[in-house]
1. At a Förster distance of 22 Å, what's the computed FRET efficiency of A122 paired with R60, Cβ-Cβ distance as r, to 0.05?
2. Any idea what the dipole of the range 215-340 comes to, in debye rounded to 20, about its Cα centre with Lys/Arg Cβ at +1 and Asp/Glu Cβ at -1?
3. Relative to the Cα centre, what is the charge dipole magnitude of the chain, using +1 at the beta carbon of each Lys and Arg, -1 at the beta carbon of each Asp and Glu, and rounding to the nearest 20 debye?
4. Given the -39500 (n - 2.57) contribution per DSSP H run of 4+ residues, what per-residue ellipticity at 222 nm results for the chain, rounded to the nearest 500 deg cm²/dmol?
5. Using the charge dipole of the range 358-450 (Lys, Arg: +1 at Cβ; Asp, Glu: -1 at Cβ; taken about the Cα centre), state which of G416, N449, V391 has its Cα farthest towards the positive end.
6. Going through the range 147-238, which trypsin sites (Lys or Arg not before Pro) have at most 10 other Cβ atoms within 10 Å and a DSSP loop state?
7. Quick one: Cα centre-to-centre distance for the range 88-119 and the range 288-314, in angstrom?
8. Once the Cα atoms of helix 343-355 and of the chain are each reduced to a long axis, what angle between those two axes, in degrees from 0 to 90 to the nearest 10, is obtained?
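Here, each number is a calculation from the coordinates, and none is a lab measurement. Small disclaimer: the values here were computed from a predicted structure and weren't measured. Ideal geometry is used to build each Cβ from the backbone, glycine not excepted, and the neighbour counts take in all protein chains shown.
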Amino acid sequence: MSPERLPGLLLVASLAAALASGLWRARRWRAGRPADVDLMRGLAALPKRYLVDVHAVVLRDPPGPREPRAGGGASARMHVLTAGGLVLATPLALLQGLTPLRGPWLAVGLLAALAMMAAGVALVAWRRWPARPARLSGGAFATLPWALGGFVAFLLRATCADLGVGPPVRWTALPDLGLAALGVWACAEIFTGVGWGPMRHALAGALHLAFHPRPARFDKAHIDAALRPLALDSPRLGVQSARDFRWNELLGFDACVQCGRCEAACPAFAAGQPLNPKTLIRDLASAATHGTLIGSGAIVEADTLWACTTCRACVTVCPVGIEHVPMIVEMRRQLVEEGQIEDSLRDALESLGKRGNSFNQSDKLRGKWTKELPFNVKDARKEPVEILWFVGDYASYNPRLQEISRAVARIFQRAGVDFGILYDGEKNAGNDVRRVGEEGLFEMLAEHNIG
């Protein structure tokens, strides 16, 4: 075998290993429930979602005073250079090493791609060393930059030799033997990592963007953040094991790059609550598909799920579009179904079921705040109105907020707005009930208010 063929042959073997490891990982995704996905439309939308939507989220992240190197601009440049260089260098190295097209111009193109990659790796090193920002994960993600650097060094030696720069390569003797060993290790880390290493975020991330559980996320004109409707006659309302998630939700867990943006944005984590969105997604990605997912001693503790405020800050800042909140709500539904809820929450849900409000007050008192107004507020159940004001629990029952309700009513009256309220015909809107995971009670409240 001629020495110039070694890089190409190594890349062929590495790509075959990447295919095998990717198919192995896909078995986990296929274990999930079916999902309604337009595959071709998603693939067609992938370039825009990556080049526009992902980078728009990344660039929104400014460097902080404690982590000046963790900002979005540095991250975007790092990924474009590293990923772009790798994507360009791989086919060019195959053409240079294994085809009749090999020549100086192809080698120069390969050097340019390797220079891109080297610049990206330098940004990785600048970002992580000597002190790695706290929100960035270590472990295998800390090893990946070394593998990328080894990949560059190995191909750089072979390409320079092709151009007559330096002595001819001798892969069987030092120091080239050491570079060959480094290249084998680097290719194994990068390409087999598609299935079980940190590089799985590259494959899973692209597929997740294409087959996203909520494609409306990428439609800036019609953003839909509502929870997915649930059929109450389903055999299971919540999620007990990983296979109870939809297949593209399992795919989303593997798309996580462990960048820590969700961790930095989470108010529960900042308050010291037992929830770290980054750790939660990592745990879900590593969970066995058939084992119990939630509960004491399981991979996800109930306290972790109840700590979430469902504010969607994690969802908003995630560069690959992972939907943390809907998945947390799905797992909460299982806890509600099993009765794993705190007494205070149980009491609130019982009050909502019996009285239709979270204050455990009589529904006859819901419109009492209007009696101090110098005019009558119409009862929209009895006479037609142009605007129906859905007042809500706190604005109806909380003494401090009742004055605000009266102020708003006076503004409406002076502005000539024809409005009315439902009085005791109104019940809680059910938004928080649904986010807690009590889907049945939400449906009951919603049907009453709509009817």
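1. FRET efficiency, A122 to R60: 0.35.
2. 280
3. That gives a dipole near 1020 debye.
4. Rounded to the nearest 500, it is -17500 deg cm²/dmol.
5. G416
6. Taking the range 147-238 and a limit of 10 other Cβ atoms within 10 Å, the loop trypsin sites (Lys or Arg not before Pro) found are K220.
7. 46
8. On a 0 to 90 degree scale, this one is about 50.
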